[in-house]
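Visitor: Next up is a structure, given as structure tokens.
The values are calculated or read from the model by the stated rules, or taken from the named source; none is laboratory data. Just so it is clear, the model here is predicted, and its values are computed rather than measured. Cβ coordinates were reconstructed from backbone atoms using ideal geometry, including for glycine residues, and neighbour counts include every protein chain displayed. Heavy atoms of the whole protein, side chains included, go into the accessibility calculation; ligands, DNA and RNA do not. Shrake-Rupley method; radii C 1.70, N 1.55, O 1.52, S 1.80 Å.
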Amino acid sequence: MPRWTALFLATLTVVTGLATWYWLAPTGPPPGLTPKSPAIPPSPDPLLQDWPPDQLTLVVSGEQHGYLEPCGCSETQSGGYSRRADLLRQMTKRGFKPVPLDLGGLVQRRREQSRLKYQTMLSALADMSYVAVGVGPEDLALGADFLLSQGDTESPESSSSTPRPSLLAANVRLFDTDDLPGAPLASRLITSGQHTIGITAILDPALARPLAAAGALNDVAIRPPEDVLPAVIESLVKQGATLLVLLSHAPIDTSLALARQFPRFDIVISAGGPEDPLTDNPRQVGTTTVVTVGQKGKYVGVIGIAPRTMPPRTNFELVNLDNQRFSDHPKMIQAMRTYQQTLEQLDLAAAMLPIDTSGNRRFVGSAKCGECHTQALAKWKQTPHSHAFESLITGRAGQEDHWVPRSFDAECLSCHVTGWEPQKVLPFKSGFVDKNTSSHLLGNGCENCHGPGDRHVALVESGDVEQSLSEVRVTLKQARRKTCIACHDLDNSPKFDFDTYWPQVAHPGRD
Ligand code: HEC
Ligand code: HEC
Ligand code: HEC
Ligand code: HEC
């Protein structure tokens with residue numbers, strides 16, 4: 001049995017019952033009261049104000065790139081499946097019948113954890129009643145065989161009550177074979193109200209080229225979209241589609257060109273835009289509306305299509321999934337919990353292949369350093385760096401009640417323990433493995449900034465202090481230029497500023 005099958009089955013068996021059904025208290029003052037404190041941030045615009053709920057409404061997302069939920073590293077992060085599910089819940093409550101579509105590009109990395117995450121995301125999308133999901137190059141890089149296992153096969157094993165969304169990629173062929181069970185489909189037809197919607201998807205071959213060159217796209221063939229689209233459009237029209245939608249996993253310019261070349265599409269949803277697609281959105285190409293939804297799932301686009309207009313008249317709102325209008329949805333909290341429990345059971349972080357440190361030096365742990373550098377250790381213990389691991393278990397202050405512990409998640413450990421490469425998300429040899437094996441490497445220890453210290457200690461102990469210094473030397477200049485931002489990057493520490501942050505963790509060297 002291939003590993004991913006084992007993984008898939010393992011996931012299925014741990015999917016447990018319903019979460020406790022609770023909601024966060026709504027934010028903002030109760031009606032009739034004006035906020036007293038000017039510190040309360042201005043409320044964002046009301047959602048879909050004056051939108052008639054009886055029109056056809058598409059909810060479009062894409063290029064999640066692994067950002068299943070905001071990490072909580074900073075208070076203000078947008079996005080996440082939980083709030084997206086809440087948006088859909090709010091819309092349904094107001095009488096909308098949203099039709100959710102995704103461009104694909106669910107994950108970012110090629111590894112076992114990403115396969116598990118892809119499965120988690122696909123079943124979460126099913127829970128949100130997604131009907132179609134495109135395929136990004138990152139998804140294909142998880143393996144053609146893996147992708148086949150994720151598609152519609154209607155096997156008796158998948159007795160889940162919610163049908164999975166269809167994977168769509170009209171120009172992608174796996175194993176050089178047509179109509180393989182489970183392979184992405186060319187199109188899908190659905191009806192909603194008076195509309196019959198024909199949905200198709202393409203992946204731009206140029207986007208896949210880097211991964212193909214790295215040998216990551218075996219058994220995958222990607223044809224030029226313009227070769228396949230005419231037949232797909234024809235067949236959808238023949239089947240009675242009244243509205244044609246293209247999920248275009250392509251740079252925006254390519255999507256605009258496709259809209260020009262195939263004016264029959266009413267709506268083109270494009271990947272490849274900026275992370276925050278706040279300007280030039282939507283664009284109009286003849287009668288085709290082209291929208292982008294950004295990256296990392298911070299936003300979703302909502303497209304309303306007025307009834308009985310030909311060509312269809314659309315309106316569009318780019319919804320920022322902020323923490324003021326949206327709260328966490330219990331079903332998505334449960335999906336995250338199941339995902340984290342599976343990571344723990346499969347012990348994926350501990351099983352990762354560690355990389356070499358420079359000069360094969362080894363990590364010894366902050367307590368060892370503190371045997372001689374008592375003041376530096378005492379200072380470090382007072383900084384948040386010393387309890388960074390605990391933050392993965394408890395979350396930020398105020399999040400405790402619905403926080404899902406993430407201390408087995410490599411994508412969190414990499415900056416919250418000692419001895420990992422933060423950006424590659426890989427452990428170094430002798431770096432943190434798990435809480436029991438590596439209790440000396442919890443938190444962001446001395447050696448994440450100073451480098452692994454075994455040789456420094458050995459040299460000091462053998463009396464060669466002068467030689468020992470270069471092993472652990474970090475200058476302020478180096479720190480300013482690169483040490484901190486390996487972890488304090490734009491995603492995880494948007495307010496980082498060396499001159500205000502460094503004084504908070506600066507430490508004396510001598511006792
Ligand atoms: C690339 C490095 C990096 C990764 C990966 C990372 N974090 Fe963080 N995290 C940070 C930094 C840096 C801070 C401090 C940010 C600040 O205050 O400016 C932080 C802060 C936090 C805090 C706030 C702690 C507090 O009490 O203030 C939480 C909670 C947290 N991270 C959880 C996570 C989770 C969960 C993950 C995985 C999904 C994760 N982090 C992944 C770097 C990272
Ligand atoms: C056995 C005692 C001992 C241990 C253990 C030890 N050090 Fe040192 N360290 C010294 C001595 C002695 C010096 C040189 C005198 C000084 O600067 O205090 C030094 C110097 C340093 C310096 C200054 C380097 C420079 O640029 O001049 C740094 C940084 C440092 N140690 C970090 C560490 C770290 C990190 C650890 C743990 C991995 C560690 N030390 C463990 C004894 C020790
Ligand atoms: C290996 C990753 C890593 C490196 C390198 C790193 N940090 Fe951090 N830092 C973190 C994490 C994780 C947190 C959040 C700790 C927590 O509360 O859980 C944090 C928190 C902080 C905080 C507290 C912020 C707050 O909101 O209270 C300061 C200050 C800070 N770091 C400064 C620095 C400086 C300055 C450097 C470089 C000299 C640096 N850090 C290097 C991971 C790192
Ligand atoms: C967030 C990164 C970071 C962490 C964590 C960190 N250091 Fe440092 N450390 C630095 C930087 C940067 C300098 C250089 C400061 C300077 O030149 O003014 C430094 C300087 C030092 C020095 C030399 C100070 C001097 O006066 O020359 C020692 C000794 C030292 N650190 C030990 C430690 C020990 C022991 C720990 C853990 C208990 C530790 N450091 C944790 C970044 C860090």
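Visitor: Using only the heavy atoms of the protein chains and a 1.4 Å probe, how would Leu469, Leu459, Leu203 rank by accessible area, largest first?
Guide: Leu469, Leu459, Leu203
Visitor: Please work out whether the range 273-365 counts as rounded, prolate or oblate from its C-alpha gyration tensor, where a ≥ b ≥ c are the square roots of the eigenvalues and a/c under 1.5 means rounded, while otherwise a/b larger than b/c means prolate and anything else oblate?
Guide: Prolate, since a/c reaches 1.5 and a/b exceeds b/c.
Visitor: If you don't mind, another one. Pull up all non-local amide H partners of Ser166: gap of 5 or more, or a different chain, and H-to-H distance under 5 Å with H placed in the peptide plane.
Guide: Close amide H contacts, sequence-distant or interchain: Ala132, Val133.
Visitor: Modelling each spin label as a point 7 Å along the Cα-to-Cβ direction, I'd like the Ala397/Thr196 distance in nm, to one decimal.
Guide: Computed distance between label sites Ala397 and Thr196 equals 6.0 nm.
Visitor: Rounded if a/c is under 1.5, else prolate if a/b beats b/c, else oblate: with a ≥ b ≥ c from the C-alpha gyration tensor eigenvalues square-rooted, which is the range 174-294?
Guide: Oblate, since a/c reaches 1.5 and b/c is not below a/b.
Visitor: Cross-link partners among lysines for Lys495, C-alpha distance below 21 Å, same-chain residues fewer than 8 apart left out?
Guide: Partners found: Lys296, Lys298, Lys477, Lys482.
Visitor: Just name one of Val172, Gln194, Leu211: the one whose Cα is farthest towards the positive end of the charge dipole of the range 51-330 (beta-carbon charges, Lys/Arg +1, Asp/Glu -1).
Guide: Gln194
Visitor: Moving on. Calculated FRET efficiency, Gln382 and Arg313, Cβ-Cβ r, R0 56 Å, to nearest 0.05?
Guide: Rounded to the nearest 0.05, the efficiency is 0.40.
Visitor: Dipole of the chain, Cα-centred, from +1 at each Lys and Arg C-beta and -1 at each Asp and Glu C-beta, to the nearest 20 debye?
Guide: Computed charge dipole of the chain: roughly 620 debye.
Visitor: Across 10 Å bins from 0, what is the distribution of all Cα-Cα pair distances for the range 51-330, in whole percents?
Guide: The percentages, shortest bin first, are 7, 31, 39, 20, 3, 0.
Visitor: Another question, if that's okay. What is the range 113-230 by shape, rounded, prolate or oblate, if you read a ≥ b ≥ c off the alpha carbon gyration tensor as root eigenvalues and call it rounded for a/c under 1.5, prolate for a/b larger than b/c, and oblate otherwise?
Guide: The shape class here is oblate.
Visitor: If you stretched the chain out fully between Arg209 and Gln284, how much longer would it get, using 0.36 nm times the residue separation minus the C-alpha to C-alpha distance?
Guide: 24.1 nm
Visitor: How much length would be gained if the chain were fully extended between Lys238 and Asp489, taking 0.36 nm per residue of separation minus their Cα-Cα distance, in nm to one decimal? Walk me through the numbers on the way to the answer.
Guide: Numbers: separation 251, 0.36 × 251 = 90.36 nm, distance 5.07 nm.
Answer, rounded to one decimal: 85.3 nm.
Visitor: Still on this structure, please answer the following. Please compute the modelled spin-label separation between Gln261 and Asp45, points set 7 Å along Cα→Cβ, answer in nm with one decimal.
Guide: With each label placed 7 Å out from Cα toward Cβ, I get 3.4 nm.
Visitor: P(r) for the chain, please, calculated from all Cα pair distances in 10 Å bins and given in %.
Guide: Binned Cα distances yield the sequence 4, 17, 26, 24, 17, 9, 3, 1, 0.
Visitor: Round to the nearest 10 and report in Å² the accessible area of Lys482, as given by a 1.4 Å probe over the protein chains' heavy atoms.
Guide: 120
Visitor: Tell me, what is the 1.4 Å probe accessible area of Glu226, in Å² to the nearest 10?
Guide: 80
Visitor: Then there's this: State the Kirkwood hydrodynamic radius of the range 398-511 in Å, one decimal place, computed from all pairs of distinct Cα atoms.
Guide: 15.9
Visitor: Determine how large the accessible area of Trp380 is when every protein chain is in place; take a 1.4 Å probe and give Å² rounded to the nearest 10.
Guide: 50
Visitor: Positive end of the charge dipole of the range 351-505 (Lys, Arg +1 and Asp, Glu -1 on Cβ, about the Cα centre): tell me which of Gln467, Val364, Pro354 has its Cα farthest that way.
Guide: Toward the positive end, the furthest listed residue is Gln467.
Visitor: At a 1.4 Å probe radius, which order do Val433, Val425 fall into by accessible area, largest first?
Guide: Val433, Val425
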